[in-house]
Structure formats: C-alpha cells, structure tokens
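Worksheet: one structure, shown below.
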C-alpha cells in the first residue's frame, strides 16, 4: 500500500511496502523493534497545494491536525515531532496514496550525499569565487590605476568595515531565509515557504533603509578616526557615500542567491553571481580607466553589478517560478514568528561579519596610533590586501557550508536523521581537508596573492609578514566554518553565535588592543587573530557535543511518536520481519 520511504535515512524507491528488503531490519534489537525498523515505517504526505491564498488560510486553521502545516513557533522538539508524524490512510482498500508524493525538491532526500554536495557546493564555490574575483578586481584595478594607487586601496580598506557590515546583514538574512525555506520545503509546507521569503524581504527593506541613512552623515568622522589623511579621504568619501546610499542592492543580492540555493537551483545562483561579476568588472574597466573615475567608478560598478541580477531573480520568483515557491502579495503579510526564526538563524553570521567589522576598525585605529603618518598608507594597503586574500582562501569553506545548509535544513525539516548525520559528517570532513590545504598554501606562497593587488615592493614585504601571522591558525577554520552553519540549519543558532562572538569580539578584538598597547608593533596587533581562531575552535568542539545530544534526543522522540501512531497491523508486520531476519 505504501511506497518504500525511509523518513530518517532519506532512502526511497517506488517499490511496494510488501516487497521491502529485509536489509532494513538487519540491526533490529532483541525486542524486535529497533531504530532501523522505525526508520522503515513509511511516511505519507499528501501532495500539498502551493501558495494559494485558500491553502494558506486552511493551513493556518488546521495546523493542529495536519502533519505538514505546523505552527511557525516550533517551540519545542516534542511539538515538532508530533506535528510531523506520518499520516496513514484508512484501511479501506483505497489506493489514493499508493505512490510516494512527488514534488520539486524530493531529490534532496534520494540522491547520494556526495553527488548532492557536488551539485550544491561546486556552484556555490564557483559563484563565490567569481564574486570574490570582482571584489579583488576592484582593489587590483584601483591599485594599478594612475588615479588611485596605494592611497585608493587604503581608502577602500578604511571603508571596508562598513561594507562588511552591510554584507553581514545580507548574509545573515540570506542564511536565515535559506534555512527557513529549506525546513519548510522539507515539511512540504509551501505557504510557509512563500511567507518566509516575503518576511525576509520586509526585514531587508527595514534594515537597509535605516542604518545607511544614519551612517551617511557620520562617514567623514568615521574615516578620520580610522586614520584617513587628506589623500585617503579624497578617495574614501565618494566611494563610501555611493555604497551606503545603495546598500540595499548588496543585501538583496546576497539574499536572492540564498533563495535560489534553498529552492534547489544552485546552478542558477552560480550564473547570477557570474553575471554580476562580469557586469562589475566590465564597468570597472570602463569607468576607472576609460573615464578616470577611480573609486567613484568602482562604487558605481559594484551597485549596478549587484542590483541588476537581483531584480531579475525577484522577477523570476514573482512571475515564472514553477516549483511552488512564489512571491505573492500575500507573502508580505508580517509574521513575527517567521521573522524571529530568520533572525535567530542568521544572527550567527551577522555577528561574525559585525565582529569582523569591529575588529578591522579597531585594527585600523591601532595602526593609526603606532605607525607614522607617512607609513600608514602602506600598512593599510597591505592589511587590506591580506584581508582580501584571506577571504579568497575562505571561499572553499564557505562553499562547503553554504552547500550543506539547504541539505541539512531539508533533512532536519523532514525528520531524516540518519541522512542528516551523514550529511553533517561529510561536510565537516570536507571542510577540514580544504582548510588544511589552504593553510599550507598561504604559509608557503603569500606573495602569490599579494601581487594581484599591488606591485609596490614595500607594501608586498609588509603584507607577506601580515599574511603568515594572520593565517597561522587557519587549519582550524576548516572545521569551525561548516559546523557553525550546521548549528543554524538545526535551530541551534545561539551556539554558532557564541563561537563567532568569541572569535571576533570577546577574544580577538580585546586581545588586539592589549597586544598593540603593550608590545606596540603592527605584527602584535595582527597576532590577535590566530589566537582568537584557536580559542573559538576549542569552544566549537564543545558546542558540537551539545548539537549531537540535541539531534539524538530529537530522533528518539520522533521514533517514539511514530510507534504510537503506526497502525497495529503495521507494527506486527515489522516485528515478524525482524524475527525472521534474526532467525
């Protein structure tokens, strides 16, 4: 009567339940009913209506009786598990539910995990690499232009903490959108998925209108405190004001690409980021070298390169999407519970980027205190080159984490815990391997990255020392980065936030001030970063133990609830098969 569907491992095929392989019961307990047997109990989810207003109303009014349209509050694990229990059709001989439901995102539950990682992580990595390429191109073109040079690079570096803050808000909202949408798709709750998109956009509008307006008038003071002299200020002010005025474009660009990945379209997200980079670099060349606009042209190119693809993606999800994930007017009805969930998931990455912004700002202030005015431009340019090189090394780790996020969220939402554990293990091991490889490369060949930005030998010499100190503990970041994203996908965002706060704010920044004031050298200021990485990685290991306990407890509760609701004949059949298997 049922298709063979494994709610915990995610394995499924179209054969009938009567022909299910005895292999599903190989690890049965002495009582005849183990976790693997419970895993084999089929889950029937009727094909949902999509984002119609009628269905949204129905799901809200019947959330207590339907397994898929649950309350957005998701206040505790017991309610989660009870709400997601399988629904068994009446024993009337009807064959309405004979086949498992087919929907646009079912492949996340059936394809091999390594293949899914390739499908999601490679496009993400390529897209991030391309996106990073135009960020590097901005610096490189400005640095090599006759109207810019090292002073223009220093100007971009002084504004970078504010630029990183905008990116952090976009990344936090985008990650919250990604996780919330993936969980809703795992539950096959399409109205909730549509409302998640609308509420994320509302949050972006509110944030990206208020905070840039406040910073716009404080920008000159901020740059002066950071150590800008008259030469640097001439490049930094126009660049910063344009990006602040158009900060919404950057935030929406990050969010829309997360939306594509959560909807199972990583290749389209990759194409979007590639198109953005192509537009940006082309306009950079035209505006910087053709019109001599320097950092002003660089800022204009960035805004257009991010705004145009974002508009196209939003238009697609409004008018052309066929997967059930659509942006409608009803999607924008404010839902405080959904907004709170998006905030909780995204707060860790937001804290990470804000922490980076604070750390970079404090670093610039410390440089201004301990470096002479005629040398500070070179040190700021070198530090900015090292920071961009560090982000370039970080791209593979971000690809692993961002590629795992929709898969982990989907498995978590659909209660496929066996498959969830396999996905997490694969992502962490891949991140560790990539982190070790990047660590070796940066220690052996730091000049390889620095020559991209400048030909000045003095700046390169400073940057070489900075790079080796800054990345001294990069080998632990390969574990830390994917694990913090997993925390977000399984609704343990506070754990990731604690790790990020420790790395950048609680340890990294205070230690930077202490070392700078006591030792009084730029190298001592930089040394605070690897120390913060090591302490945060140790804390991340402890937090991982809490996450494992959470998942094991949730899986056991789900199995217990399944046993309570399974028909008596179903349980007797499973016990008999288990006895035969042991015999």
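Every number in this text was worked out from the coordinates using simple rules, so none of it is lab data. Predicted, not measured: the structure shown is a model, and the values here were computed from it. Cβ atoms come from the backbone with ideal geometry, glycine included; neighbour counts cover every protein chain shown.
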**Complete:** Expressed in µm² per second, the diffusion coefficient of the range 387-525 from the Stokes-Einstein equation, with Rh the Kirkwood radius over alpha carbon pairs, at 4 °C and 1.567 mPa s, is 77 µm²/s
**Item:** Hull volume in cubic angstrom per residue (convex hull over the Cα atoms of the range 113-245)
**Value:** 119 Å³
**Message:** Ratio of alpha-carbon Rg to the 2.2 N^0.38 Å globular estimate for the range 183-272, to two decimals, please.
**Reply:** 1.50
**Request:** Would you list the P(r) distribution for the range 308-418, with all Cα-Cα distances sorted into 5 Å bins from 0 and each bin expressed as a whole %?
**Result:** 2, 8, 9, 13, 16, 15, 11, 9, 7, 5, 3, 2, 0
**Prompt:** Which whole-number value in Å³ per residue fits the convex hull of the alpha carbons of the range 150-558?
**Reply:** 130 Å³
**Prompt:** Using mean Cβ contacts within 10 Å as the protection proxy, how do 495-502, 206-213 order, highest first?
**Reply:** 495-502, 206-213
